[in-house]
Amino acid sequence: MAGRAGRAPGGVPGAARPASPVRLTRRGRLVLLGLLLVLATLVTDLAAAPGEASGRPGAPAIAVVQPGDTLWSIARRYAPGRDPFETIDDIRRLNGIADYTVRPGQRLTLPGGRAGEQAG
């Protein structure tokens with residue numbers, strides 16, 4: 001038995017031990033699952049389309065004031081589901097209008113950046 005001290009399993013001296021397959025413990029499987037979930041979340045976030053909160057690139061919507069138009073009529077036509085008072089305040093702020101008067105032919109920048117839509 002003194003001659004077997006330096007031998008690998010199988011009885012061949014100097015032979016390398018065969019590699020054993022990797023075994024994950026329960027904790028290792030949980031860590032791996034967590035890493036995969038984080039990776040899937042990152043990929044989903046990068047691939048997802050931007051939401052409304054991020055704003056749309058491009059030129060803001062412009063309304064050309066027509067004869068008989070008022071800020072109220074433009075606000076109602078541009079954003080029918082929104083409070084007209086809020087829309088009017090936004091239009092005045094965006095265009096530097098001190099009062100509530102608009103003139104035919106005047107170009108107004110509309111809030112929300114809905115490019116391509118025109119009120120009037």
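The values are calculated or read from the model by the stated rules, or taken from the named source; none is laboratory data. Just so you know, these numbers come straight off a predicted model, no measurement behind them. Cβ: placed from backbone, ideal geometry, glycine included. Neighbour counts: every protein chain shown. Just so you know, the surface numbers come from the protein's heavy atoms only, side chains and all, with ligands and any DNA or RNA stripped out. Shrake-Rupley method; radii C 1.70, N 1.55, O 1.52, S 1.80 Å.
Rounded to the nearest 0.05, the FRET efficiency derived from the C-beta distance between A48 and R82 at R0 = 25 Å is 0.45. Measuring only protein heavy atoms, the 1.4 Å probe finds L37 accessible over about 100 Å². Stretching the chain fully between R26 and V38 yields a gain of 2.5 nm (0.36 nm per residue, less the alpha carbon separation).
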